[in-house]
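Engineer: Please find one structure pasted underneath; my questions will follow.
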Amino acid sequence: MDVTIFGSGYVGLVTGACLAEVGNNVLCVDVNAEKIDMLNAGAVPIFEPGLEDMIRRNTQAGRLAFSTDLAKGVAHGLFQFIAVGTPPDEDGSADLKHVLSVATTIGECMETYRIVVDKSTVPVGTADRVAERIREAQAARGVNIELDVVSNPEFLKEGAAIEDFMRPDRVIVGTDNPRTGELLRALYAPFNRSHDRLMVMDVRSAELTKYAANAILATKISFMNELSNIAEAVGADIEQVRVGIGSDPRIGYQFIYPGCGYGGSCFPKDVRALERTATAVGYSAELLQAVEAVNFRQKDLLFRKISDYFGGALEGKVVALWGLAFKPNTDDMREASSRRLMEQLWEAGASVRAFDPVAMGETRRIYGERSDLTLTDDLLTALEGADALAILTEWTQFRSPDFDAVRQRLRHPVVFDGRNILDHSQVTAAGMTYVSIGRSP
Ligand code: UGA
């Protein structure tokens, strides 16, 4: 089948590559010429395991191409995926200008029936607005060509996006037209194995499902973070509590890991956007507000712990950071807890020596060259001349370091573990103080 994907960002590239992988003829279109040139030259602008190989393989096979030509994109695919960004505007609502601009282009250029698929995370009601935009653009040129707008939210986890697309838990298709539902079912058939994972529902329910999924996951994390603060204050160990509650299958073990807050491009933005959607229809979403507030506070926690340890005297201190990305297996730094910590440390006159397996280029891009930030080639070098170590991302390679080597390099033998990934007894056996989340030191 012929598929066009508007937006060659994270979601668009993964969707395009995976649809090409199963034999579709995919054209990815983006207004950013630099990005398209890069993709045409075989380079992939983001780090995602498996993506570069998949793009190369499918480009070479002639099933995947990249272009800046929007009209060509509209002419190409029966399916027109919209996977452009929806950055939050000033009040936290999702900004739909890119989505609606693609809709206008489709309306201006379409010559025959098109299925427009909203893949970007968009507020409830967006499919209707997209359809309206397309019809307006058609009316302006005096045509009235049939179309359907479908909501097909993505549920990709960064770092595991290819796997999530190829073997999805579910594929949500929101449409009021049963025939369109069947066409989407055919497109997704290669990914819909072993049992039927494709759910067709009405458009607004599909749109809300996306936000509901992220909001409940974010709620689990903030809930655990709140509990961890209580645990610490009452002298309990949140890690034992976590295992204790997770054993109840109604609660489950997933997404109840306490830490220094959730980040990324999805949870913070989506919780806020859902809260704004609720407000816009006159409902005050108290729980969502609390989820966000707890996360905001949690991102300050490591700084407070470090500052308390040094009696507030951070001027001239050097803090080593392991982990810059908002989570492992990605170079994404959006809303990463490391950013708040680094900025607070700099503000307090401390400097940072940091190591991350893949996010150092991104850190350099965001912060540029500065005298209070040193990026090192490996984790032990980050500790040289450092007063303390803080762990921000749960990369596997940080889990069992050579504790004696860590101890020898630190000026003050103290580790602040923002992800509770180290073994308390091993750290203390190596003669270091261990400060973690939700456990008394
Ligand atoms: C999230 C969802 O998990 C995906 O299902 C969804 O498709 C995606 O958003 C999206 O909307 O596009 P992602 O943002 O890639 O995926 O990352 P997660 O693995 O969910 O992690 C988010 C943050 O929560 C990270 O900072 C992580 O460290 C933190 N986290 C996660 C915790 O603090 N505790 C946990 O128990 C789990």
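The values are calculated or read from the model by the stated rules, or taken from the named source; none is laboratory data. Quantities reported herein were computed from a predicted structural model and do not represent experimental measurements. Reconstructed Cβ throughout: ideal geometry from the backbone, glycine too, with neighbour counts over all protein chains shown.
Engineer: Pairs only if they're at least six apart or on different chains, beta carbon under 7 angstrom, first in the stretch 158-174 and within 14 Å of MET54 (Cα to Cα), second at pLDDT 95 or above and surrounded by 19 or more Cβ atoms within 10 Å (Cβ to Cβ); list them, first residue then second.
Structural biologist: Every condition considered, the pairs that remain are ALA161/VAL14; ILE162/VAL14; ILE162/CYS18; ILE162/MET54; PHE165/VAL14; PHE165/THR15; PHE165/CYS18; MET166/CYS18.
Engineer: Please determine, by comparing only the residues of the stretch 385-403 that are more than 15 Å from the ligand (Cβ to nearest atom) and in a strand (DSSP E or B), which one is surrounded by the fewest Cβ atoms within 10 Å (Cβ to Cβ). Before you say what the answer is, go through the steps one by one.
Structural biologist: Taking the stretch 385-403 as the starting set, the residues that turn out to be more than 15 Å from the ligand (Cβ to nearest atom) are 385-389, 397, 400-403.
Next, from what is left, pick out any that are in a strand (DSSP E or B): 388-389.
Details: ALA388: 26, LEU389: 28.
Taking the candidates together, the pick is ALA388.
Engineer: Take the stretch 238-263 and flag every residue that is farther than 24 Å from SER338 by Cα and surrounded by fewer than 18 Cβ atoms within 10 Å (Cβ to Cβ).
Structural biologist: GLN240, VAL243, GLY244, ILE245, GLY246, SER247, ASP248, PRO249, ARG250, ILE251, GLY252, TYR253
Engineer: If you don't mind, another one. Taking the stretch 130-159 as the search range and keeping residues that are surrounded by fewer than 16 Cβ atoms within 10 Å (Cβ to Cβ) and in a loop (DSSP other than H, G, I, E, B), which one is farthest from the ligand (Cβ to nearest atom)?
Structural biologist: Among those residues, the one meeting the criterion is GLY142.
Residues checked against (1) buried (at least 16 other Cβ atoms within 10 Å of the Cβ); (2) assigned by TED's automatic domain parsing to the domain that holds ARG170; (3) away from the ligand (no atom under 16 Å from the Cβ):
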| site | (1), (2), (3) |
| --- | --- |
| LEU187 | yes, yes, yes |
| PHE191 | yes, yes, no |
| SER194 | no, yes, yes |
| ILE216 | no, no, no |
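Engineer: A follow-up question, please. Is it the case that the stretch 359-376 has a residue that's within 23 Å of GLY259 (Cα to Cα) and not in a helix (DSSP H, G or I)? First the steps, then the outcome.
Structural biologist: Going through the stretch 359-376, the residues within 23 Å of GLY259 (Cα to Cα) turn out to be 359-360, 362-363.
Keeping just the survivors that are not in a helix (DSSP H, G or I) gives 359.
Yes - at least one qualifying residue is present in the stretch 359-376.
Engineer: Out of VAL415, VAL435, VAL427, which single residue is under 22 Å from ALA359 (Cβ atoms), away from the ligand (no atom under 16 Å from the Cβ) and either surrounded by fewer than 15 Cβ atoms within 10 Å (Cβ to Cβ) or at pLDDT 95 or above (or both)?
Structural biologist: Working: VAL435 fails: under 22 Å from ALA359 (Cβ atoms); VAL427 fails: under 22 Å from ALA359 (Cβ atoms).
Answer to the selection: VAL415.
Engineer: A further question on this structure: How many residues, within the stretch 1-16, are touching a His at 6+ places or on another chain (Cβ under 6 Å) and of a type outside the set (Ser, Thr, Tyr)? Talk me through it step by step, then tell me what you get.
Structural biologist: So the first thing to find is which residues in the stretch 1-16 are touching a His at 6+ places or on another chain (Cβ under 6 Å), and the list is 2, 4.
Within this subset, residues satisfying the condition of being of a type outside the set (Ser, Thr, Tyr) are 2.
Of the residues in that region, 1 qualify.
Engineer: Could you name every one of the helices (runs of 4 or more DSSP H) located completely within the stretch 248-349 that has at least 2 residues being touching a strand residue (DSSP E or B) at 6+ places or on another chain (Cβ under 9 Å)? Show your work before the answer.
Structural biologist: On the way: elements: 267-280, 286-298, 301-309, 337-347.
Helices (runs of 4 or more DSSP H) meeting the threshold: 267-280, 301-309, 337-347.
Engineer: Let me ask you something else. Could you look through the stretch 353-372, keep only residues that are small (Gly, Ala, Ser) and surrounded by 20 or more Cβ atoms within 10 Å (Cβ to Cβ), and pick out the one that is modelled with the highest pLDDT?
Structural biologist: Narrowing the stretch 353-372 to residues small (Gly, Ala, Ser): 354, 359, 361, 368, 371.
With surrounded by 20 or more Cβ atoms within 10 Å (Cβ to Cβ) added as a condition, the list becomes 354, 359.
Values: ALA354: 98, ALA359: 95.
The qualifying residue modelled with the highest pLDDT is ALA354.
Engineer: Identify all residues within the stretch 104-129 that are more than 16 Å from the ligand (Cβ to nearest atom), assigned to a loop (DSSP other than H, G, I, E, B) and touching a residue at least 60 places away in the same chain (Cβ under 8 Å); write none if there are none.
Structural biologist: GLY125
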